[in-house]
Amino acid sequence: MSVGSEVFDGHHKIIIDCLNALHPLLGKPGAKEELLTILARLEQFVLLHFGEEERALRQAGYPDWRAHKDQHDQMYDVVFNLKTGVEKGQNLEAEYLHEIIYGWLVKHILVEDKKYEPYLAAKG
Ligand SMILES: [Fe+2]
Ligand SMILES: [Fe+2]
């Protein structure tokens, strides 16, 4: 699932590793602190990754960078709400995690991030 940038491929792997690490904790009693640790890492990391990606897209003259940024902002909101929900004691539903977070983030990487590959390649 390469997007043609070693740096961004590495970022994506870290994001997916975080999502995978959440799975075994779903429905596990007493796993709140572990969940929050992973969600905090995911939150910090998506912020860093989204920021760097947006900067690279602008520098590469990617025409849809603003729409891409809007998607990032929406995904960040989902991660943020998930984290604050768990902080307040809400259960993290496996189905929700899979459909919304996994489906969304991974789909974003496979479909939307893939679109910028030729622009970054042209920039070198
Ligand atoms: Fe990305
Ligand atoms: Fe992206």
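In the list Lys83, Lys69, which residue meets the criterion of being on the phi < 0 side of the Ramachandran plot, surrounded by 11 or more Cβ atoms within 10 Å (Cβ to Cβ) and within 13 Å of ligand 1 (Cβ to nearest atom)?
Working: Lys83 fails: within 13 Å of ligand 1 (Cβ to nearest atom).
None of the other options fit; the residue is Lys69.
Considering Val46, Val106, which residue is under 15 Å from Asp9 (Cα atoms) and either at pLDDT 95 or above or near ligand 2 (Cβ under 10 Å from one of its atoms) (or both)? Talk me through it step by step, then tell me what you get.
Working: Val106 fails: either at pLDDT 95 or above or near ligand 2 (Cβ under 10 Å from one of its atoms) (or both).
Result: Val46 is the single residue among Val46, Val106 that is under 15 Å from Asp9 (Cα atoms) and either at pLDDT 95 or above or near ligand 2 (Cβ under 10 Å from one of its atoms) (or both).
Within the range 1-25, restricting attention to residues that are within 11 Å of ligand 1 (Cβ to nearest atom) and in contact (Cβ under 8 Å) with a residue 60 or more places away in the chain, which residue is surrounded by the fewest Cβ atoms within 10 Å (Cβ to Cβ)?
My answer is Met1.
Taking the options Asp77, Asp64, name whichever one is loosely packed, with under 12 Cβ neighbours inside 10 Å and within 16 Å of ligand 2 (Cβ to nearest atom). Steps first, answer last, please.
Values: Asp64 fails: loosely packed, with under 12 Cβ neighbours inside 10 Å.
Going through Asp77, Asp64 in turn, just one is loosely packed, with under 12 Cβ neighbours inside 10 Å and within 16 Å of ligand 2 (Cβ to nearest atom): Asp77.
What helices (runs of 4 or more DSSP H) completely inside the range 9-124 contain at least 3 residues that are in contact with a Lys or Arg (Cβ under 7 Å, 6 or more places away or on another chain)?
Those helices (runs of 4 or more DSSP H) span 32-59.
The values are calculated or read from the model by the stated rules, or taken from the named source; none is laboratory data. Everything numeric here is computed off the predicted structure, so don't read it as measured data. Quick reminder, even Gly has a Cβ in these numbers, built from the backbone with ideal geometry, and neighbours come from all protein chains shown.
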